[in-house]
Every structure is written in structure tokens, then in C-alpha cells.
Amino acid sequence: MPEKTTLDPSLDKYSLAILAELLRDARQTIQQIADKVGLSASPCWKRIKDMEAAGVIRGYTAIVDTEKIGLGLRVIVEANMAQHSEVTVRQFERAVAAAAPIVQCHATTGESDYVMSVLVPDIKSYDQLLHETMFKLPGITHVRSAIVLKEIKSEMRLALPEQGLQRAPRRRGKV
């Protein structure tokens, strides 16, 4: 049975509201975020720094149109391993982490051991990646590829827990 995930108890409605604002637009100033969540700038800034220190906020990034930077082909790759020894799994995970075209990799249940998302310029580049990297990944016995024809949804915002979706009350002062 999967582990039950729980909400970090330090994430109250203000912290969740701050996260929602950062997910909406991480380029906002602290003052803009503070105004929207009902805090003054100092406690808002402190909450952001605390969430960064606790690893709740792992970083900030830009959302890029992959076609405009020459990565017009996305491939969903399912892979299976012959065995799941600790050594083989570690080697596989290191090799995947080192392969820049593999932008996501998830260990999964079901028919595939891993599901990966690959970004490359074109089908020729993908064929080269298959032969030079994917087929040589430690422990891999089978690889299935699905070319993405059209992206329907690629959302970076998260569905935060219910209490985070309710607007924090407007309030000034330290919280």
C-alpha cells in the first residue's frame, strides 16, 4: 500500500496562500505577494525563506516553449528492467540523471518499471538517443516509445490542499 502523504504542519493558510501566489507568478515582489495574502512584507519574506530552508520550495524556474529552443519532439518512454537489485537501480538512476534529453523519470507500478519524458530536436535525434543511451541503460530489457502529437496540458501550478485554496484573510502586522 502506498505511503500516505501528509501536509507539513508548518504550512498554514498563509504559507499555502504564499505558495499559490508563487506558483501563479514567482516574479512578484515580496510586497505584491504580501498584499495578496494579507501579511506585511517581513513575515511574508520570512515564511518564504523558511519554506526554502525546509525544502518545500526547491527552486525557481522559467517555463520555456521547447519548440522555440529547438526541442520540438517530446517522447514518452516506458522502460522495464530485468532485475531490481540495489546496484542496478542506482546505476540506472545515475545514468538517467546524466542524460540531459531525459527531462523526467518516474519509477512506476503497473506494466512499466519507469516512465520517462524525453525532449529532442527531431526523430533522428531520438533514434540516436535510443541507440547511444536508452538501450545501454543499466538493467533495461525493454523500451516502448510514444511520440507526443500534441500537448493538451502541461501545468506547472499545483492543486494545493483545500485550506490553501481559500483566500487568506486580509490582515496587516506580524503573523
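The values are calculated or read from the model by the stated rules, or taken from the named source; none is laboratory data. Only a predicted model underlies this, so the values are computations on that prediction, with no experimental measurement involved. Note that each Cβ is placed from the backbone with ideal geometry, even for glycine, and that neighbours are counted across all protein chains shown.
With respect to S125, determine if the residue is outside any loop (DSSP other than H, G, I, E, B), touching a Lys or Arg at 6+ places or on another chain (Cβ under 8 Å) and among the hydroxyl-bearing types (S, T, Y). No, not satisfied.
For residues in the stretch 137-171 being modelled with pLDDT of 70 or more and in contact with a Phe, Trp or Tyr (Cβ under 6 Å, 6 or more places away or on another chain), which is surrounded by the most Cβ atoms within 10 Å (Cβ to Cβ)?
Among them, the one singled out is L137.
Residue check: L71 meets all listed conditions (1) surrounded by 12 or more Cβ atoms within 10 Å (Cβ to Cβ); (2) closer than 30 Å to I18 by Cα; (3) modelled with pLDDT of 95 or more but one, namely (2).
Taken together, the residues in the stretch 84-115 that are in a loop (DSSP other than H, G, I, E, B), out of contact with any helix residue (DSSP H, G or I) (no Cβ under 6 Å at 6 or more places or on another chain) and under 24 Å from D127 (Cβ atoms) amount to 5. Within the stretch 82-106, residues that are closer than 22 Å to G72 by Cβ have Cβ atoms under 6 Å from residues that are assigned to a helix (DSSP H, G or I) in these pairs: P101/L129; I102/V96; C105/V96, counting only partners at least 6 apart in sequence or on another chain. For the stretch 49-79, a residue qualifies if it is aliphatic (A, V, I, L, M) and either touching a helix residue (DSSP H, G or I) at 6+ places or on another chain (Cβ under 6 Å) or closer than 26 Å to T108 by Cα (or both), and the qualifying residues are V56, I57, I63, L71, L73, V75, I76, V77, A79. Please determine whether any residue of the stretch 32-44 is touching a helix residue (DSSP H, G or I) at 6+ places or on another chain (Cβ under 7 Å), modelled with pLDDT of 95 or more and surrounded by fewer than 17 Cβ atoms within 10 Å (Cβ to Cβ). Checked the stretch 32-44: at least one residue is touching a helix residue (DSSP H, G or I) at 6+ places or on another chain (Cβ under 7 Å), modelled with pLDDT of 95 or more and surrounded by fewer than 17 Cβ atoms within 10 Å (Cβ to Cβ). V56 passes every criterion in (1) among the aliphatic types (A, V, I, L, M); (2) at pLDDT below 95; (3) not in a loop (DSSP other than H, G, I, E, B) apart from (3).
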